[in-house]
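Below: the structure, in structure tokens.
The values are calculated or read from the model by the stated rules, or taken from the named source; none is laboratory data. For clarity, every value in this text was computed on a predicted model and none was experimentally measured. Using ideal geometry, Cβ is built from the backbone for each residue, glycine included, and neighbour counts are taken over all protein chains shown. Each accessible area value is taken on the protein alone, full model and side chains, heavy atoms only, with ligands, DNA and RNA left out. Shrake-Rupley method; radii C 1.70, N 1.55, O 1.52, S 1.80 Å.
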Amino acid sequence: MADIDPKSFDHKTIEKKWQKYWLKNKTFRAPDDSKKEKYYVLDMFPYPSSAGLHVGHPLGYTATDIMSRYLRMNGKNVLHPMGWDAFGLPAENYAIKTKVHPEKTTSANIETFRRQIQDLGFTYDWDREVNTCVPEYYKWTQWFFAFLYKNNLAYRKDAPVNWCESCQTVLANEQVVNGKCERCKNDVIQKKLEQWFFRITDFIEDDQKTSGLLSGLEKIDWPNSTKIAQMNWIGRQEGINIFYDVIDSSEKIATFTKYPETNFGATFIVVAPEHPIVSKITTPEHKKEVEKYLERTFKMTELQRTETTEKTGAFTGSYAFNPLNKKKMPIYVADFVLAHYGTGMVVGVPGHDERDFEFAKNFDLEIIRVMKTSDGDISPVTKLEQVDHEGIMMNSEFLNGMDAQKEAKKAMMDSMEKEGMGKRVVFYNLRDWLVSRQRYWGAPIPIVYDDAGNHYLLPEDELPVKLPTDVDFMPKGESPLAKSTSFHDKKELERIEKKLKKSGDLSNERTIVRRESDTMDTFVCSSWYMFRFMDPNNTKEFASKEMMKKWGPIDLYVGGAEHTVLHLLYARFFTKVLHKYGYIDYDEPFQKLRHQGMILGEDGQKMSKSIGNVINPDEVVNAFGADTLRCYEMFMGPFHQKKPWSMGAVEGVRKFLDRTYRVFQKSITPLGSARGDDELRITDKNLQSLLHKTIKIVTEHIQEFRFNTALSQMMILTNELTKSESVSREILEKFVLILAPFAPHLAEELWGEVLGHKESLTYEPWPKYDEKYLVEESVTYVVQVNGKLRGDFTIEKTASQEEVIAQAKTLEKVKKYLEEGKIVKEIFVPEKIVGFVVK
């Protein structure tokens with residue numbers, strides 16, 4: 001780290017001074033009883049890892065801090081809170097590695113994070129701080145589980161689940177990336193377990209189609225890519241279920257397809273391995289082959305099954321009859337078909353579906369063309385590149401000559417429904433949210449079991465179910481809570497049993513024998529935290545309706561795009577549940593969402609301890625100051641884009657702040673004072689124009705998250721101010737106010753110590769620009785001689801063409817080229833160019 005200029009401001013003293021002032025005076029407290037218009041600004045709260053912050057973390061926090069400071073100066077009552085997403089696998093894995101209890105390491109990590117965040121001068125209301133791993137918080141996470149359970153939105157069932165052998169826990173589909181655990185990157189396998197689920201699928205769409213998880217996306221200001229990702233994850237599918245008789249059987253096949261118009265070319269059926277019909281239609285001579293195939297398939301995850309390029313399967317020995325083309329269609333079981341997709345059975349049309357074509361080729365099945373392509377190709381389909389589901393219908397009786405998508409699809413579905421052969425349907429890829437985890441460091445599930453294995457919801461006065469400390473948290477394939485003596489204390493279970501019997505929930509013949517030992521997915525904790533910030537000290541409810549109405553919804557939410565289909569989807573689900581049951585009057589939690597781009601190492605790679613390219617913000621703050629770090633991260637480039645770190649550029653930003661500091665050490669004069677010098681008065685006028693242009697740009701670009709260009713404009717203003725021997729007080733006061741959101745410590749020091757104000761500038765009105773100063777009174781011309789640039793000059797905008805050309809000829813850099821010959825032509829482009837052709 002380079003040393004700073006000794007003539008610059010003392011950032012270590014100044015920044016600590018103002019951080020202490022803000023904390024002591026609770027400068028950024030958001031009063032519940034304020035009459036000002038509210039504005040709720042929220043960061044995705046961090047997971048407090050042992051590594052502490054790296055320079056990527058403050059990027060989003062600085063943006064929300066700039067917005068919060070700007071909004072306060074514009075008269076808003078700003079709620080800007082911070083807390084800790086403290087439960088989860090990383091802390092537990094770290095505890096397993098170090099043999100130190102996660103409660104101890106998490107607490108220490110939070111202290112480090114809080115100190116680092118406060119060192120950056122962010123405007124958080126620390127009276128609202130929350131921590132998801134303390135009973136005062138997770139009591140209400142448990143309340144939410146109970147709330148969902150009572151409304152039939154939480155349930156338990158046997159299900160094939162994603163199991164990570166390394167982490168020894170179940171993973172939601174969203175936590176499996178390319179067949180591997182998103183946390184430890186090890187392979188994920190399929191396993192059948194009884195698990196707890198939340199019915200998120202009940203909220204895909206509402207009756208009015210205005211506030212479901214799909215339609216709700218239309219009314220919120222989110223990045224389009226994030227909306228599309230959520231839509232794709234939910235996966236709305238329109239099509240038709242087609243019914244076929246199984247030959248020589250009473251069973252019927254119901255297949256889902258989005259392309260029924262191709263059904264004259266259907267030649268086989270494929271069934272999901274999990275489907276119960278498999279055992280009913282498999283003939284004795286094919287039983288061993290099918291069972292062997294099923295055994296192989298059940299060892300694979302769904303992602304492995306759908307992503308594999310090789311199309312495998314086993315013939316069941318049965319056939320279905322296609323009444324359209326009078327074909328006997330062999331029925332196969334194949335791993336690429338999933339039980340939850342449509343009906344779990346699909347009809348194979350190999351001439352017009354790539355996957356079906358590959359399967360047909362593998363098993364030597366008939367391929368029939370039923371549409372010709374736009375170029376008139378009607379030849380037999382023998383190559384993958386010939387497969388297409390758009391064209392003009394052929395070999396399809398009443399559909400012949402129709403455009404496949406525009407006419408034939410509807411005609412076929414109409415015919416199938418009329419003949420009782422099919423029924424139009426809509427279904428979704430999204431499945432219910434699996435929330436139980438076989439791990440220790442999470443919120444306990446408020447359920448108990450009797451001696452017959454039946455489960456019961458705990459009475460509300462039993463909450464919180466506290467997470468015990470007498471556990472061996474080494475993974476053994478089941479939750480460590482299962483072996484905790486205190487967690488299953490006999491006297492406590494007897495007390496609960498009496499309550500349940502008294503309420504009539506438990507029969508007198510049954511005995512409560514254990515608690516639920518699984519804990520909740522950490523995403524449950526983060527699905528409702530935004531409401532707790534609204535009323536963080538409420539001991540009677542997770543948040544009062546009054547406070548949720550006052551503060552909600554969140555006006556601005558900032559965080560990483562990696563949460564697109566995890567946290568964001570789950571938080572929307574919780575909000576819609578609360579809206580449905582009358583707790584809140586809005587159905588979307590986050591009105592405006594912005595994602596920050598990733599900060600890369602100086603080598604252009606993602607920051608990683610293993611690579612050794614991580615930059616610790618403490619080092620930057622110590623050497624250059626928090627204001628430098630804040631301004632540099634905003635100046636690096638567009639907020640949403642990836643950008644590499646550059647220590648040299650950090651030093652450049654520090655020099656800008658030093659120049660700004662020195663501007664305020666100049667002679668400060670009242671604007672318009674009689675100085676008897678026309679040139680100085682013109683300078684003041686030009687600076688006023690530049691100031692108001694800067695106010696306009698900074699104002700607009702803050703609102704548009706264009707922080708880099710806002711800073712660029714302030715740098716231009718600073719450079720001009722350094723050229724003047726004295727500067728008017730009005731210009732300096734307005735400049736320091738627009739600088740304050742970006743470099744708040746320096747701005748407070750200049751406002752108080754240099755300009756003499758007694759109060760913090762936090763709630764000073766944001767400067768307004770005056771349109772009259774935005775009219776340019778002067779213009780810059782560039783001068784060319786024989787097409788080459790030879791100089792430039794500034795002149796009053798009202799100057800005539802003759803005056804402009806005459807001024808150009810006086811420039812020393814131009815005169816010598818004009819003297820080399822005779823001017824044969826003069827070129828004049830108003831407000832831009834003066835040119836001379838010399839021979």
Those residues that are open to solvent by 60 Å² or more (accessible area, probe 1.4 Å) and in contact with an Asp or Glu (Cβ under 7 Å, 6 or more places away or on another chain), I need them from segment 784-839; list them, please. Glu796, Lys797
Yes or no: segment 474-481 includes at least one residue that is over 29 Å from the mean Cα position of the chain (by Cα), of a type in the set (Ser, Thr, Tyr) and farther than 25 Å from Tyr47 by Cα. no
Tell me which residues, restricted to segment 351-409, are modelled with pLDDT under 95, in a loop (DSSP other than H, G, I, E, B) and of a type in the set (Asp, Glu). Asp353, Asp375, Asp377, Asp388, Glu390
Test result for Lys476, within 19 Å of Glu136 (Cα to Cα), in contact (Cβ under 8 Å) with a residue 60 or more places away in the chain, assigned to a loop (DSSP other than H, G, I, E, B) and charged (D, E, K, R): no
Of the residues Tyr440, Tyr428, which single one is open to solvent by less than 70 Å² (accessible area, probe 1.4 Å), out of contact with any Asp or Glu (no Cβ under 7 Å at 6 or more places or on another chain) and of a type in the set (Ser, Thr, Tyr)? Tyr428
Selected residue (criterion: most open to solvent (accessible area, probe 1.4 Å)) from residues of segment 620-643 that are part of a loop (DSSP other than H, G, I, E, B) and farther than 14 Å from His57 by Cα: Gln641
Return a yes/no flag: does segment 516-532 have any residue that is aliphatic (A, V, I, L, M), in contact with a Pro (Cβ under 8 Å, 6 or more places away or on another chain) and in a helix (DSSP H, G or I). yes
Selection over segment 671-698 where residues are at pLDDT 90 or above and open to solvent by 20 Å² or more (accessible area, probe 1.4 Å) yields a count of 4
For segment 706-720: of the residues being in contact with a Ser or Thr (Cβ under 6 Å, 6 or more places away or on another chain) and not hydrophobic (A, V, I, L, M, F, W, C), which is least open to solvent (accessible area, probe 1.4 Å)? Thr718
Here are some residues: Tyr557, Tyr586. Which one is touching a Lys or Arg at 6+ places or on another chain (Cβ under 9 Å), free of Cβ contacts under 8 Å to residues at least 40 places away in the same chain and either surrounded by 18 or more Cβ atoms within 10 Å (Cβ to Cβ) or within 24 Å of Arg199 (Cβ to Cβ) (or both)? Tyr586
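Using the structure shown, decide if Glu771 is under 51 Å from the mean Cα position of the chain (by Cα), surrounded by fewer than 13 Cβ atoms within 10 Å (Cβ to Cβ) and modelled with pLDDT under 90.
Yes, satisfied.
Let's see how each residue does on (1) over 28 Å from His640 (Cα atoms); (2) in contact with an Asp or Glu (Cβ under 7 Å, 6 or more places away or on another chain); (3) of a type in the set (A, V, I, L, M, F, W, C):
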position	(1), (2), (3)
Gln703	no, no, no
Phe707	no, no, yes
Ala710	no, no, yes
Ile716	no, no, yes
Lys723	yes, no, no
Ser728	yes, yes, no
Leu732	yes, no, yes
Looking across segment 463-480 at residues that are surrounded by 17 or more Cβ atoms within 10 Å (Cβ to Cβ) and in contact with a Pro (Cβ under 7 Å, 6 or more places away or on another chain), the single one that is farthest from Gln237 (Cα to Cα) is Val471
Only residues that are in contact (Cβ under 8 Å) with a residue 12 or more places away in the chain, in a helix (DSSP H, G or I) and small (Gly, Ala, Ser): list them for segment 739-759, please. Ala747
For segment 644-662, enumerate the residues that are open to solvent by 10 Å² or more (accessible area, probe 1.4 Å) and either among the aliphatic types (A, V, I, L, M) or within 31 Å of the chain's Cα centre (by Cα) (or both). Pro644, Ser646, Met647, Gly648, Ala649
Filter result for Pro446 (open to solvent by less than 30 Å² (accessible area, probe 1.4 Å), of a type outside the set (Phe, Trp, Tyr) and modelled with pLDDT under 95): no
Across segment 189-218, which residue is farthest from Asp432 (Cα to Cα) among those that are outside any loop (DSSP other than H, G, I, E, B), aliphatic (A, V, I, L, M) and at pLDDT 85 or above? Leu217
Quick check on Lys758: is it more than 21 Å from Asn74 (Cβ to Cβ) and open to solvent by 60 Å² or more (accessible area, probe 1.4 Å)? yes
How many residues are in contact (Cβ under 8 Å) with a residue 12 or more places away in the chain and part of a helix (DSSP H, G or I) if we restrict to segment 11-46? 11
All but one of (1) assigned to a loop (DSSP other than H, G, I, E, B); (2) under 28 Å from Leu434 (Cβ atoms) hold for Leu569; state the number of the condition that does not hold. (1)
Filter segment 271-316 down to the residues that are surrounded by fewer than 17 Cβ atoms within 10 Å (Cβ to Cβ) and part of a strand (DSSP E or B) and list them by number. none
Just for segment 169-205: of the residues that are free of Cβ contacts under 8 Å to residues at least 24 places away in the same chain and touching a Ser or Thr at 6+ places or on another chain (Cβ under 9 Å), which one is most open to solvent (accessible area, probe 1.4 Å)? Lys185
